[in-house]
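Some notes on the structure that comes next.
The values are calculated or read from the model by the stated rules, or taken from the named source; none is laboratory data. It should be emphasised that the depicted structure is a prediction, and the values quoted were computed from it without experimental measurement. Virtual Cβ from ideal backbone geometry, glycine too; neighbours counted across all protein chains shown.
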Amino acid sequence: MPASSLGSPPGSDKLHHILGFSFWAGLCAWGPSKRFYAFACLIVICGGMIELIQPYVNRIADWKDFIANTVGVSIACFLHLTLTFFKKRGTDTA
């Protein structure tokens, strides 16, 4: 939809980007590390592509959105590292 016809959602737009992309990448955080990091890179690229395409569909590209998207994926990476650490720690003590 054109940006002019959209209402503004409650809360911070950048927070919505961070939460959305961290959830999207977090869905992959439960799998193997190699696959997760490949998906995380793909998700960051998709976020950049979305920003590049927006001016062609009557929207405004905002590179701060891309940064927020990348921060969200970084949060999911931290989650994955944490899960991997505790999973390895649990198998080392067993």
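Does the range 62-81 include one or more residues that are modelled with pLDDT under 95 and either of a type in the set (S, T, Y) or touching a Pro at 6+ places or on another chain (Cβ under 8 Å) (or both)? Within the range 62-81, none of the residues are modelled with pLDDT under 95 and either of a type in the set (S, T, Y) or touching a Pro at 6+ places or on another chain (Cβ under 8 Å) (or both). For the range 16-49, the set of residues classified as of a type outside the set (S, T, N, Q), part of a helix (DSSP H, G or I), over 15 Å from V71 (Cβ atoms) and in contact with a helix residue (DSSP H, G or I) (Cβ under 8 Å, 6 or more places away or on another chain) consists of F36, Y37, F39, listed by residue number.
In the condition set (1) more than 30 Å from K87 (Cβ to Cβ); (2) over 14 Å from the mean Cα position of the chain (by Cα); (3) without any contact (Cβ under 8 Å) to a residue 12 or more places away in the chain, M49 is compliant with all but (2). Within the range 55-71, identify whether any single residue is hydroxyl-bearing (S, T, Y), crowded, with 16+ Cβ neighbours inside 10 Å, in contact (Cβ under 8 Å) with a residue 12 or more places away in the chain and part of a helix (DSSP H, G or I), and answer yes or no. Scanning the range 55-71, I find at least one residue that is hydroxyl-bearing (S, T, Y), crowded, with 16+ Cβ neighbours inside 10 Å, in contact (Cβ under 8 Å) with a residue 12 or more places away in the chain and part of a helix (DSSP H, G or I), so the answer is yes.
Okay, residues lined up against (1) under 12 Å from the mean Cα position of the chain (by Cα); (2) closer than 29 Å to K88 by Cα:
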{"residue": "F23", "(1), (2)": "yes, yes"}
{"residue": "L27", "(1), (2)": "yes, yes"}
{"residue": "F39", "(1), (2)": "yes, yes"}
{"residue": "D62", "(1), (2)": "no, no"}
{"residue": "F66", "(1), (2)": "yes, no"}
{"residue": "A76", "(1), (2)": "yes, yes"}
